[in-house]
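Visitor: Structure below; questions to follow.
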Amino acid sequence: MKRTTLSLAAGAVALAALTGFASLTAPAGSADTGAKAAARLPVERSSLLCPAPSNSDLAQTTYTAITPKGAAQGGAQGKPGTAVLTPAVPAPADGGDTSSPDPGKDGKGKKTSGKPASDKPVLTLKEPGKPVAATASGADAPALTGSADGLLAPGWAAQQTTQITGGVGRALLGTNCTAPDADFWFPGASTAKDRQDYVHLTNPDDTAAVADIDLFGKDGPVKADIGEGITIPARSSVPVLLSTLTGTVADDLTVHVTTRAGRVGAVVQATDAKAGADWLPASADPAVSQVFPGIPGDATDVRLIVHAKGADDADLKVKLASKGGSFAPAELDTVHVKSGMTASFDLKNVTRGEAGSLVLTPDADGGTPVVAALRVVRGTGDKQEIAFIPAAGPVGTRATVTDNRDKASTLALTAPGTKDATVKVTSSAGTEGGEPQTKTYTVKAGTTLAVDPPVPAGLKGSYALTVEPDPNGGPVYASRTLAVTQDGVPMFTVQTLTDDKGTVAVPAASQDLTVLGK
């Protein structure tokens, strides 16, 4: 069982203790021992982690956060709540027992300060429905750890967006701040000579975490000189340069991060000497089918990277869900991936001017679980920029993405099943002013709908988008593309939207005095 499952179970028990006291105290009379369905109640605490943005002195980073309005309706027992993101402590400069390939350095030879970061919050959310933003400049912006409780916990979302205006890593990089976990898969990483990829590990807790990093290439597991028993000190973040873990040079790798103690936030920062940089988030959990929502219509090159986790080889059908329907890309209607290995496939300019989503399904009954991601390129020559779209889970009940900007954001909605979907999209107020707007979209089965999302009336600053599918429709997958052009370079970053887990199932409980006589 994954440690996240255990954590959710423990959270349900704790929440039941907090919210279900009345049901545990029966009124006079006989107890009702009939089975009752579990109620879904808003969570009362959420955690988010953001990696250190960049080592570039030219980096300009924006942090944004929001809790959707009404997300805690009926729960949290009316507690106002708090939501803050504060700096993580850098890894010790004296070496200690840190996880860096070279203790006291960030993997590039640059020494870390070893001094505690300020505990002053970088971002503080005060009420649901109103996003907040903060900025940081240069290479010293730290990783952030944060928590929200009360009315601000359900659906709390945050993102960091960094624009680097020059140098090898010139790019627009964006990543959702994510919850800590114990198991992450990153297909699409690389140790190629023109790539410099870091795994950022952030520990939110008051005790040290211990992590292992395993690599898988086209021939299976990659021999690594180090990578086991990596210590991440309490409330700190450590970047690990992949090329320091192994002497193997590989264009496409799958990175597997697990923890033997504690929990971490993990994300890969990939820098390409020719095509900019971006964050590679974790793939959705291993599954026999995977969906990659929102490939930009003007993508000039798309590469699919797949790792077969199961004991058997994986044979997968490939389909592109576009505006008009689903079809198999030319010369790539199926792919074969050997067990325990990572394979890559060049889809070239598969979207051909029309935004689409890639869908992988098993070629036969059963199927082998896979993890996967897309590497997407826009532009050509020295005007290229990369981004990654990992396999994503469905939106579920509700999902939110922050840092949307007027005339720079595109929302992609995909209904890969056999049933149409209806989706309500709400734009929040702006970080500096504006009124929320709501619009409803219908997504035909087997298609992708790319839209300019509703912009808040009188917008000032940036805003958040909350997506809520109609539960009577088919499953919906979604992503947001943020795009800006600088000096002719089509910079962009893509964030997938998955269920925010703002509610948790709490089993119904009642008093049963008969157990006292057993």
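Visitor: Mind listing whichever residues of segment 323-358 are open to solvent by 20 Å² or more (accessible area, probe 1.4 Å), over 16 Å from Pro286 (Cβ atoms) and either β-branched (Val, Ile, Thr) or assigned to a strand (DSSP E or B) (or both)?
Guide: Across segment 323-358, the qualifying residues are Ser326, Phe327, Thr334, His336, Ser344, Phe345, Asp346, Lys348.
Visitor: Moving to a separate point now. Going through Thr259, Thr271, Thr300 one at a time, which residue ends up being over 21 Å from the mean Cα position of the chain (by Cα) and not in a loop (DSSP other than H, G, I, E, B)? Let's see the steps before the verdict.
Guide: Details: Thr259 fails: over 21 Å from the mean Cα position of the chain (by Cα); Thr271 fails: over 21 Å from the mean Cα position of the chain (by Cα).
That would be Thr300, the only listed residue that is over 21 Å from the mean Cα position of the chain (by Cα) and not in a loop (DSSP other than H, G, I, E, B).
Visitor: Among the residues that make up segment 484-502, is at least one of them modelled with pLDDT of 95 or more, farther than 19 Å from Ser357 by Cβ, hydroxyl-bearing (Ser, Thr, Tyr) and within 21 Å of the chain's Cα centre (by Cα)?
Guide: No, segment 484-502 has no match at all.
Visitor: Right, here's the next one. So Val395 fits all but one of (1) open to solvent by 10 Å² or more (accessible area, probe 1.4 Å); (2) in contact with a Leu (Cβ under 9 Å, 6 or more places away or on another chain); (3) not in a strand (DSSP E or B); what number is the exception?
Guide: The number of the failed condition is (1).
Visitor: Take Asp406 and decide whether it is touching a residue at least 24 places away in the same chain (Cβ under 8 Å), farther than 27 Å from Lys424 by Cα, out of contact with any helix residue (DSSP H, G or I) (no Cβ under 6 Å at 6 or more places or on another chain) and open to solvent by 50 Å² or more (accessible area, probe 1.4 Å). First the steps, then the outcome.
Guide: Values: touching a residue at least 24 places away in the same chain (Cβ under 8 Å): yes; farther than 27 Å from Lys424 by Cα: no; out of contact with any helix residue (DSSP H, G or I) (no Cβ under 6 Å at 6 or more places or on another chain): yes; open to solvent by 50 Å² or more (accessible area, probe 1.4 Å): yes.
Considered against the rule, which asks whether it is touching a residue at least 24 places away in the same chain (Cβ under 8 Å), farther than 27 Å from Lys424 by Cα, out of contact with any helix residue (DSSP H, G or I) (no Cβ under 6 Å at 6 or more places or on another chain) and open to solvent by 50 Å² or more (accessible area, probe 1.4 Å), Asp406 comes out as no.
Visitor: Hey, can you tell me all the residues within segment 219-243 that are over 24 Å from Arg195 (Cβ atoms) and of a type in the set (Lys, Arg)?
Guide: Arg235 - this is the single residue of segment 219-243 that is over 24 Å from Arg195 (Cβ atoms) and of a type in the set (Lys, Arg).
Visitor: Could I ask something else about it? Which of the residues belonging to segment 431-468 are charged (D, E, K, R), part of a strand (DSSP E or B) and in contact (Cβ under 8 Å) with a residue 40 or more places away in the chain?
Guide: Glu468
Visitor: With (1) within 26 Å of Ala421 (Cβ to Cβ); (2) in contact with a Pro (Cβ under 9 Å, 6 or more places away or on another chain); (3) of a type outside the set (Val, Ile, Thr) as the list, and Gly294 as the residue in question, which single condition is left unmet?
Guide: (2)
Visitor: Working carefully through the options Arg375, Arg398, find the one that is of a type outside the set (S, T, N, Q) and more than 30 Å from Gly129 (Cβ to Cβ).
Guide: Arg375
Visitor: Also, I was wondering about something else. Filter segment 222-245 for residues that are buried (at least 20 other Cβ atoms within 10 Å of the Cβ) and at positive phi and give the result.
Guide: Matches in segment 222-245: Gly227, Arg235.
Visitor: Which count do you get for residues in segment 128-154 that are outside any strand (DSSP E or B) and not acidic (Asp, Glu)?
Guide: Residues that pass the stated criteria total 14.
Visitor: Every residue in segment 359-392 that is open to solvent by 10 Å² or more (accessible area, probe 1.4 Å), under 21 Å from Leu280 (Cβ atoms) and part of a loop (DSSP other than H, G, I, E, B), please.
Guide: Pro369, Gly379, Gln384
Visitor: Another question, if that's okay. Failed condition for Pro471, given (1) at pLDDT 95 or above; (2) in contact with a strand residue (DSSP E or B) (Cβ under 7 Å, 6 or more places away or on another chain), with all others met?
Guide: Of the numbered conditions (1) at pLDDT 95 or above; (2) in contact with a strand residue (DSSP E or B) (Cβ under 7 Å, 6 or more places away or on another chain), the odd one out for Pro471 is (2).
Visitor: Kindly list the number of the only condition in (1) surrounded by 23 or more Cβ atoms within 10 Å (Cβ to Cβ); (2) out of contact with any strand residue (DSSP E or B) (no Cβ under 6 Å at 6 or more places or on another chain) that fails for His307.
Guide: In the conditions (1) surrounded by 23 or more Cβ atoms within 10 Å (Cβ to Cβ); (2) out of contact with any strand residue (DSSP E or B) (no Cβ under 6 Å at 6 or more places or on another chain), His307 misses (2) alone.
Visitor: If I ask for residues that are at pLDDT 95 or above and in a loop (DSSP other than H, G, I, E, B), which ones from segment 155-182 would you list?
Guide: Gly155, Trp156, Cys177, Ala179, Pro180, Ala182
Visitor: Further question on the same structure: Looking at (1) in a strand (DSSP E or B); (2) open to solvent by 20 Å² or more (accessible area, probe 1.4 Å); (3) not polar (S, T, N, Q), which one does Pro471 not meet, given that it meets all the others?
Guide: (1)
Visitor: Here is a follow-up. Are any residues in segment 282-294 of a type outside the set (Val, Ile, Thr), surrounded by fewer than 24 Cβ atoms within 10 Å (Cβ to Cβ) and assigned to a loop (DSSP other than H, G, I, E, B), and if so, which ones? Write out each step before concluding.
Guide: To start, the set of residues in segment 282-294 that are of a type outside the set (Val, Ile, Thr) comprises 282-287, 289-290, 292-294.
Applying the additional criterion that residues be surrounded by fewer than 24 Cβ atoms within 10 Å (Cβ to Cβ) yields 282, 284-287, 289.
Within segment 282-294, Ala282, Ala284, Asp285, Pro286, Ser289 meet the criteria.
Visitor: Can you find even one residue in segment 235-250 that is touching a residue at least 12 places away in the same chain (Cβ under 8 Å), under 17 Å from Asn203 (Cβ atoms), assigned to a loop (DSSP other than H, G, I, E, B) and not acidic (Asp, Glu)?
Guide: Scanning segment 235-250 turns up at least one residue that is touching a residue at least 12 places away in the same chain (Cβ under 8 Å), under 17 Å from Asn203 (Cβ atoms), assigned to a loop (DSSP other than H, G, I, E, B) and not acidic (Asp, Glu).
Visitor: Of the conditions (1) at pLDDT 90 or above; (2) charged (D, E, K, R); (3) surrounded by fewer than 20 Cβ atoms within 10 Å (Cβ to Cβ), Glu44 satisfies every one except a single condition; which number is it?
Guide: Failed condition: (3).
Visitor: At positive phi and assigned to a loop (DSSP other than H, G, I, E, B): does that describe Lys407?
Guide: yes
Visitor: Quick check: is even one residue across segment 102-113 within 27 Å of Val494 (Cβ to Cβ) and modelled with pLDDT of 90 or more?
Guide: no
The values are calculated or read from the model by the stated rules, or taken from the named source; none is laboratory data. A quick note: this is a predicted structure, and the numbers were derived from the prediction, not measured. Because the Cβ atoms are built from the backbone with ideal geometry, glycine has one as well, and the counts that use them run over all protein chains shown. Quick note on the areas: whole protein, heavy atoms, side chains included, nothing else; ligands and nucleic acids left out. Shrake-Rupley method; radii C 1.70, N 1.55, O 1.52, S 1.80 Å.
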